[in-house]
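Participant: Take this structure first; my questions come after.
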Amino acid sequence: MLNSLPISEASNLAIHALAVINNLGAGKRLSVAQISTVLEVSQSHLAKVMQKLVKAGFVDSSRGANGGFILARSAKSLSLFSVVKVID
């Protein structure tokens, strides 16, 4: 039996947020409010995680009426290890 690697709540949230952006975004930007609604999490906690993902270059963000988050590179180029390393 394989031992599971424990990851932080923030890393788990980051992985799920990236999945939501990839699956529901389909090339359009999603706001923190939209992502947090899908994941049923606090907007403020998600916003902190998203800031780290932007700094790491995983997602691109923009402000304004048409703002939000979009993947900065293909989902296939992202690894779970790299996400966890950035968040934790």
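Conditions tested, residue by residue: (1) over 12 Å from the mean Cα position of the chain (by Cα); (2) at pLDDT 95 or above; (3) within 18 Å of Ser11 (Cβ to Cβ).
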| site | (1), (2), (3) |
| --- | --- |
| Ser44 | yes, yes, yes |
| Ala47 | no, yes, yes |
| Leu53 | no, yes, yes |
| Asp60 | no, yes, no |
| Arg63 | yes, no, no |
| Leu71 | no, yes, yes |
| Leu78 | no, no, yes |
| Lys85 | yes, no, yes |
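Participant: Quick one: Gln34 ticks every box in (1) in contact (Cβ under 8 Å) with a residue 24 or more places away in the chain; (2) exposed (fewer than 14 other Cβ atoms within 10 Å of the Cβ) except a single one, so which number is it?
Facilitator: All conditions pass for Gln34, except number (2).
Participant: Something else now. Which is at negative phi, among the hydrophobic types (A, V, I, L, M, F, W, C), assigned to a helix (DSSP H, G or I) and free of Cβ contacts under 8 Å to residues at least 40 places away in the same chain, of Leu18, Leu24?
Facilitator: From the options Leu18, Leu24, the qualifying one is Leu24.
Participant: Looking at this structure, is Glu9 on the phi < 0 side of the Ramachandran plot and acidic (Asp, Glu)?
Facilitator: In short, yes.
Participant: Right, next: Any residue in segment 57-86 that's touching a residue at least 60 places away in the same chain (Cβ under 8 Å): show its pairings with residues that are assigned to a loop (DSSP other than H, G, I, E, B) and among the polar types (S, T, N, Q) at Cβ separation under 9 Å, as long as the two are six or more apart or on different chains.
Facilitator: Hits for this filter: Val84/Ser8.
The values are calculated or read from the model by the stated rules, or taken from the named source; none is laboratory data. These figures come from a predicted structure and were not determined experimentally. Glycine also receives a Cβ, built like all others from the backbone with ideal geometry; neighbour counts cover every protein chain displayed.
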